[in-house]
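Engineer: Please see the structure below; I have some questions.
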Amino acid sequence: MSSTLTSTRGAGGTLSATSPLDATDVGLLIIRVALGLTMASHGTQKLFGWFGGGGVTGTGQFFGASGYPAPKAFAVMAGSSEILGGLGLALGLLTPLAAAAVIGTIINAIAVKWGGGFFIPTGIEYELFIAFSAAGLALTGPGRIAVDHALPFTHDNRLRNGVVSVALGAAAAGLTLLVRN
């Protein structure tokens, strides 16, 4: 049984398509599912009011009080980004883009909470952990237990795609924050 969780690495340290799964694949799956479902759950709070959330109306009121114009539209964008980005991460589907959606939303959350210190209840350590975890997944890729593993166009240039995706998430957040201020 332990041989199914080990692998041989070929030239360049990459796993071949036929090699058995290794601990890295399983670890990335656990991280992706935990982070992805956490984010998707937060999105359902914003859009549907599930899990004690405010729905679009309540979230829109919060966004309006936080300085966002068209607060209901921003609530829908944030909730949609969290749901789609979170589900993308959980499934390992277009992982760098899913991570970009999460990063963009979380950078805005950090900006709104900024000034409350590092630790809970008013700090930003939770948001920083989410942002850096999403960035890490964008850079490493989802592992082989992922939808991306079946998509041939997702295997090339992982580092470049990850860096571009992290930059895309940060740029989208920056543009949103410019509109906010």
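The values are calculated or read from the model by the stated rules, or taken from the named source; none is laboratory data. Here the structure is a predicted model, which is why all the values come from computation and not from measurement. Note that we place each Cβ from the backbone using ideal geometry, even for glycine, and neighbour counts take in every protein chain shown. For accessibility, only protein heavy atoms count, side chains too; no ligands or nucleic acids. Shrake-Rupley method; radii C 1.70, N 1.55, O 1.52, S 1.80 Å.
Engineer: Taking Thr59 and the conditions (1) open to solvent by less than 30 Å² (accessible area, probe 1.4 Å); (2) without any contact (Cβ under 8 Å) to a residue 60 or more places away in the chain; (3) touching an Asp or Glu at 6+ places or on another chain (Cβ under 9 Å); (4) over 18 Å from Gly174 (Cα atoms), which numbered condition does it fall short on, given that it satisfies the others?
Structural biologist: Against the list (1) open to solvent by less than 30 Å² (accessible area, probe 1.4 Å); (2) without any contact (Cβ under 8 Å) to a residue 60 or more places away in the chain; (3) touching an Asp or Glu at 6+ places or on another chain (Cβ under 9 Å); (4) over 18 Å from Gly174 (Cα atoms), Thr59 comes up short only on (3).
Engineer: Can you name every residue in region 130-178 that is hydroxyl-bearing (Ser, Thr, Tyr) and free of Cβ contacts under 8 Å to residues at least 60 places away in the same chain?
Structural biologist: So in region 130-178, the residues hydroxyl-bearing (Ser, Thr, Tyr) come out as 133, 140, 154, 165, 176.
Scanning region 130-178 gives no hits.
Engineer: For region 121-143, give me each residue that is outside any helix (DSSP H, G or I) and within 18 Å of the chain's Cα centre (by Cα).
Structural biologist: Initially, region 121-143 is screened for residues outside any helix (DSSP H, G or I), giving 121-124, 141-143.
Residues satisfying the conditions are Ile124, Gly141, Pro142, Gly143.
Engineer: Right, another one. Out of the residues in region 164-181 meeting the condition of being hydrophobic (A, V, I, L, M, F, W, C) and farther than 16 Å from Ala78 by Cα, tell me which one is nearest to the chain's Cα centre (by Cα).
Structural biologist: My answer is Val166.
Engineer: Just to be sure, is Leu93 open to solvent by 60 Å² or more (accessible area, probe 1.4 Å) and under 16 Å from Ala135 (Cα atoms)? Please lay out each step first, then the result.
Structural biologist: Numbers: open to solvent by 60 Å² or more (accessible area, probe 1.4 Å): yes; under 16 Å from Ala135 (Cα atoms): yes.
For Leu93, the condition - open to solvent by 60 Å² or more (accessible area, probe 1.4 Å) and under 16 Å from Ala135 (Cα atoms) - is met.
Engineer: Would you list the helices (runs of 4 or more DSSP H) that sit entirely within region 1-120 and hold 1 or more residues that are modelled with pLDDT under 95, at negative phi and of a type in the set (Lys, Arg)?
Structural biologist: Details: elements: 23-48, 55-65, 71-91, 95-113.
Hits in region 1-120: 95-113.
Engineer: Also: Which one of these does Ala75 not meet: (1) within 16 Å of the chain's Cα centre (by Cα); (2) without any contact (Cβ under 8 Å) to a residue 60 or more places away in the chain; (3) buried (at least 16 other Cβ atoms within 10 Å of the Cβ)?
Structural biologist: (1)
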